[in-house]
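The values are calculated or read from the model by the stated rules, or taken from the named source; none is laboratory data. Just so you know, these numbers come straight off a predicted model, no measurement behind them. All Cβ positions, glycine included, derive from the backbone under ideal geometry; neighbour counts span all protein chains shown. Each accessible area value is taken on the protein alone, full model and side chains, heavy atoms only, with ligands, DNA and RNA left out. Shrake-Rupley method; radii C 1.70, N 1.55, O 1.52, S 1.80 Å.
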Amino acid sequence: MKRTGFLFAVLFVVIMPVVLLLTDVQLVAFNRSYYRDEYMKYHIPEHIGMNIDNLMDSTEKLLSYLDNKREDLDFRGEFIKGEEEFFSQRDKQHMVDVKELFLKGRLLRNLSFLYIVLFLLLLFRKKPLKSQLRKLAGYGVWTVVLGFTPVLALLVLMNIDFYKYFTVFHEIFFTNDLWLLNPAEDMLVNIFPQDFFTDMAFSISYLYIAEMTVIFVGSLLMLKYTKSK
């Protein structure tokens, strides 16, 4: 029984960083204000010949598609030179794969979150409360130790050569070469340049690190509070 409890606790410590990271990806990736700010920062509207409001309208359709609220990306954009199909066929094919990744990530996050809730309910069924709080604080410390290491390593690698590891990411998660886009034909690579993804990766990482810091400080305070006298 003790061994089973230990395995459940280890799973909790492993899952917590996954839930936080996947949640942070969702928060940043679906933040409309983030897209508007990035578009203005990198002069995307001028680059593609479209005003910012029309670009945001097209972006809303894209995010609705990724959020599984829209069935396809067949729509026309209002460019300064006139109306035309916004995404190329290769763009659309690639976004099918991207959407699948988002949906799988959300499912994994939701199932993992359900496990965390059940674990906490079972943990606090036992008495005394102070003892269980101390256990939770210990799990929190280990969560930070486990969760910090890969993200800090990733931040270092991204600082060294973001493009290289961005490419490795695509080679791992995509089984085709549809992510290799042509700026002369495909809209995705024009509205989302490399710097856009660099900023997004760092935004997600900083949010995750802030959450881990809160967990670490909270866990230490709880350990101090529950210390046996």
Selection status of Asp195, within 19 Å of the chain's Cα centre (by Cα), of a type outside the set (Val, Ile, Thr), closer than 30 Å to Lys61 by Cβ and open to solvent by 60 Å² or more (accessible area, probe 1.4 Å):
yes
Taking segment 94-119 as the region of interest, how many residues are farther than 19 Å from Val28 by Cβ and open to solvent by less than 40 Å² (accessible area, probe 1.4 Å)?
4
Looking only at segment 143-177, count every residue that is buried (at least 17 other Cβ atoms within 10 Å of the Cβ), modelled with pLDDT of 90 or more and of a type in the set (A, V, I, L, M, F, W, C) and tell me the total.
1
Val25 vs. criteria over 25 Å from Thr149 (Cβ atoms) and either in a helix (DSSP H, G or I) or of a type outside the set (Phe, Trp, Tyr) (or both):
no
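Could you tell me which residue of segment 212-229 is farthest from Gly140 (Cα to Cα), considering only residues that are crowded, with 17+ Cβ neighbours inside 10 Å and not aliphatic (A, V, I, L, M)?
Quick first cut of segment 212-229, residues crowded, with 17+ Cβ neighbours inside 10 Å only: 212, 215-216, 219, 222, 226.
Now drop any that are not not aliphatic (A, V, I, L, M), which leaves 216, 219, 226.
Working: Phe216: 6, Ser219: 6, Thr226: 14 Å.
Across segment 212-229, the extreme among qualifying residues is Thr226.
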Of the numbered conditions (1) part of a helix (DSSP H, G or I); (2) within 20 Å of Asn182 (Cα to Cα), Ile15 satisfies every one except a single condition; which is it?
(2)
When you go through (1) in contact with a Ser or Thr (Cβ under 9 Å, 6 or more places away or on another chain); (2) of a type in the set (A, V, I, L, M); (3) surrounded by fewer than 19 Cβ atoms within 10 Å (Cβ to Cβ) one by one for Val10, which number turns out not to apply?
(1)
Can you run down the residue pairs with Cβ atoms below 6 Å, 6 or more apart or on separate chains, where the first is in segment 138-150 and on the phi < 0 side of the Ramachandran plot and the partner is modelled with pLDDT under 90 and buried (at least 16 other Cβ atoms within 10 Å of the Cβ)?
none
Return yes or no: is Phe113 hydrophobic (A, V, I, L, M, F, W, C), under 25 Å from Val214 (Cβ atoms), modelled with pLDDT of 95 or more and in contact with a helix residue (DSSP H, G or I) (Cβ under 7 Å, 6 or more places away or on another chain)?
yes
Kindly list the number of the only condition in (1) surrounded by fewer than 13 Cβ atoms within 10 Å (Cβ to Cβ); (2) closer than 30 Å to Leu55 by Cβ; (3) aromatic (Phe, Trp, Tyr) that fails for Phe202.
(1)
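Scan segment 48-70 residue by residue and report those that are open to solvent by 70 Å² or more (accessible area, probe 1.4 Å) and more than 19 Å from Gln26 (Cα to Cα). Don't jump to the end; show me each part of the working.
Of all residues in segment 48-70, those open to solvent by 70 Å² or more (accessible area, probe 1.4 Å) come to 51, 53, 57, 60, 68-69.
Residues satisfying the conditions are Asn51, Asp53, Asp57.
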Do you know which residues across segment 120-142 are buried (at least 16 other Cβ atoms within 10 Å of the Cβ) and of a type in the set (A, V, I, L, M)?
Leu123, Leu133, Leu136, Ala137, Val141
Looking only at segment 28-77, how many residues end up being under 17 Å from the mean Cα position of the chain (by Cα), part of a loop (DSSP other than H, G, I, E, B) and more than 24 Å from Tyr206 (Cα to Cα)?
1
